[in-house]
Amino acid sequence: MRHGIKGRKLNRNTNQRKALFGGLAKSLIKQEQITTTLPKAKDIRPIVEKIVTLGKQGGLHNHRQALTLLGGDKDLAAKIMGPLAERYKSRAGGYTRIIKAGNRYGDNAPMAIIEFIDRDEEAKKTDAGPTAEQESEDETEAAEA
């Protein structure tokens, strides 16, 4: 019996699953719309909703909690505390929607688009990779070593 066991394993161990959800959450917040498999979209939704709620509540402690959940990315934390918090200040939850997008060609996996409600259309054009700050930090660390 699976009493009290929530979530899917997604054929990964715990650390890989946490890293996957962290990366998906960062991409969703940065681009405001991503395409992924339906089970991943369903699992990432509550994580992102909690992060947006932290941004709406404001305050230093919530800012630091959002930073922790976003892997220390200050730009994304600022986006959560600023524009996203303002956009959803009158909304009592339900910041994302999942749209089924058929099946993937290669393996017939069910695909879905997860996006923010009232999303910014220009955010989709941003790069999903690491920010310029992170790349420059990585280069300086590699040069020092």
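The values are calculated or read from the model by the stated rules, or taken from the named source; none is laboratory data. Worth saying up front: this structure is predicted, and the values here are computed from it rather than measured. When we count neighbours, we look across all protein chains shown, and the Cβ atoms used for this are built from the backbone with ideal geometry, even at glycine. The protein model used for the area step is the full one, side chains on, heavy atoms only, and it has no ligands, DNA or RNA in it. Shrake-Rupley method; radii C 1.70, N 1.55, O 1.52, S 1.80 Å.
Among 39-47, 2-10, what's the highest-first ranking by average C-beta atoms within 10 angstrom per residue?
Those peptides, ordered most packed to least, come out 39-47, 2-10.
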### Computed lengthening from Arg17 to Ile113, 0.36 nm per intervening residue step minus Cα-Cα distance
32.6 nm
### Task
Starting from the Cα-Cα distance between Tyr105 and Glu86, subtract it from 0.36 nm times their residue separation and give me the gain in nm to one decimal.
3.0 nm
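What size of dipole, in debye to the nearest 20, comes out for the chain about its Cα centre when the only charges are +1 on Lys and Arg C-beta atoms and -1 on Asp and Glu C-beta atoms? Display every interim value, and only then the final one.
Working: 26 positive and 20 negative charges, 275 e Å.
Dipole magnitude for the chain comes out near 1320 debye.
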### Query
What is the total of Lys pairs in the stretch 34-145 with C-alpha atoms under 20 Å apart, excluding same-chain pairs fewer than 8 positions apart?
17
### Task
Compute the relative contact order of the chain as a whole-number percentage, counting only Cα pairs closer than 8 Å that sit 6 or more residues apart in sequence.
29 percent
### Query
Per the 1.4 Å probe, what fraction of the accessible area of the chain, in percent, lies on carbon and sulfur atoms?
51 percent
### Message
Could you compute Rg(Cα) / (2.2 N^0.38 Å) for the stretch 41-104, with N its residue count?
### Response
1.19
### Query
Which one is right for this structure if Cα extents along the principal axes in Å is calculated from it: [x] 48, 27, 23; [y] 39, 33, 22; [z] 47, 44, 36?
[z]
### Query
Hey, rough spin-label estimate for Ile98 and Ile5, points 7 angstrom out along Cα→Cβ, what's it come to in nanometres?
2.0 nm
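Give me the 1.4 Å probe accessible area per residue for the stretch 31-141, excluding ligands and nucleic acids, in Å². Provide the component values of the computation, followed by the final result.
Working: 6450 Å² over 111 residues.
Accessible area per residue, the stretch 31-141: 58 Å².
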